[in-house]
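Please treat every number below as a calculation from the coordinates, not as lab data. The shown structure was predicted, so the numbers you read here are calculated from the model rather than taken from an experiment. We place every Cβ from the backbone using ideal geometry, glycine too, and count neighbours over all the protein chains shown.
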Amino acid sequence: MYGWKEALSPHLVAERENARVEDGELLGMLKGCLGIESESEKGEVLCVIETAGGVASPGPSGSLQCDLYRPFRFPAILVGDGRLGGISGTISAYESLKLRGYDVVAVVLEDHGLVNEGPLSSYLRRRVPVLVLPPVPTEVSNNLMEWFQEALSTFHSLEEIMQSAFLDRTSRLRNMPRKAHDIFWWPFTQHNLVPEENVTVIDSRCGENFAVHKVNNNVDSITQQFDACASWWTQGPDATLQVVSD
């Protein structure tokens, strides 16, 4: 996709090397790469997007990464900090993601002997599983195969958590048209005459767009739809309240 010579923050190195990448260009490239990957494989494909730095680290244009990737509303795996001071940093990162509408499916951290997973699990109140990886060998010459073997069960658990969270989310979204018939009242509408496939399911809001859930050929997708009627959801409340509501 994109690369720079110096190992610096993307916004800084992009400025130094005169290789700035705008948000729209980066998101378009990422979307294209994910589409190519899914088309080249048969069956289901699991893609993991690794970001650089912390959740609020700037991207190439200077936009915070937690804002930059928000239009996709990817489920997030938060890599926490098992070191001294890591509890506060991990909780702050978690809240930054939640306030922007991300679904954090798991928190993963490296074991540094401080049992940071205890307070984190207590704070999260079992809403989000906290997984602990064994200490990574400090010597570069060490064979990492032993470490991977020791961490294998944790990675398997993480994979199961990710798949379960995805299936639960898609199941809820697919059931919403039926629930809408039972719960909502649409003025001047004969509810029995509205097919379920004509019900618009709004997953979330981002800026002035709705994230709309659709199912085509039994494949779930989220598409951006501009709020052309300027509803209260995107135009009414204060921007801070909109973020909290997502």
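A few comments on the model shown:
- Other residues whose C-beta falls under 14 angstrom from the C-beta of Val115 contribute a net charge of -3, scoring Lys and Arg +1 and Asp and Glu -1.
- Electrostatic bookkeeping for Pro177 treats Lys and Arg as +1 and Asp and Glu as -1; over the other residues with beta carbon under 9 Å from its beta carbon, the sum is +1.
- Angle between the chain longest axis and helix 145-183 axis [Cα atoms, degrees, rounded to 10]: 10
- 3J(HN,Hα) along region 24-35, derived from phi through the Karplus expression 6.51 cos²θ - 1.76 cosθ + 1.60 where θ = phi - 60°, amounts to x, 5, 5, 5, x, 5, 5, 4, x, 5, 5, x Hz, with x in place of Gly and Pro.
- Sparse-neighbourhood loop sites, trypsin sites (Lys or Arg not before Pro) in region 30-118 - DSSP loop, at most 16 other Cβ within 10 angstrom: Lys42, Arg83
- For the chain, the share of DSSP beta bridges that are antiparallel, to the nearest 5, is 65%.
- Shown here: log10 I(q)/I(0) by the Debye sum over Cα atoms at q = 0.13, 0.17 Å⁻¹, derived from the displayed model; of the candidates (1) -0.81, -1.51; (2) -0.84, -1.21; (3) -1.04, -1.56, it corresponds to (3).
- In this calculation the C-beta distance from Asn175 to Asn216 is compared with R0 = 25 Å, giving a FRET efficiency of 0.90.
- Neighbour-count ranking [beta-carbon atoms within 10 angstrom, fewest first] of Phe74, Phe188: Phe188, Phe74
- Spin-label pair Leu114-Glu159: with each label point 7 Å from Cα along the Cα-Cβ axis, the two points sit 3.1 nm from one another.
- Fewest neighbouring Cβ atoms within 10 Å first, the residues Ile49, Ile202 line up as Ile49, Ile202.
- Nitroxide proxy distance, nm - points 7 Å out along Cα→Cβ at Val13 and Glu196: 4.9
- Rough spin-label spacing in nm, given labels placed 7 Å along Cα→Cβ, for Asp227 and Ile91: 3.2
- Neighbour-count ranking [beta-carbon atoms within 10 angstrom, fewest first] of Val21, Val215, Val48, Val136: Val48, Val136, Val215, Val21
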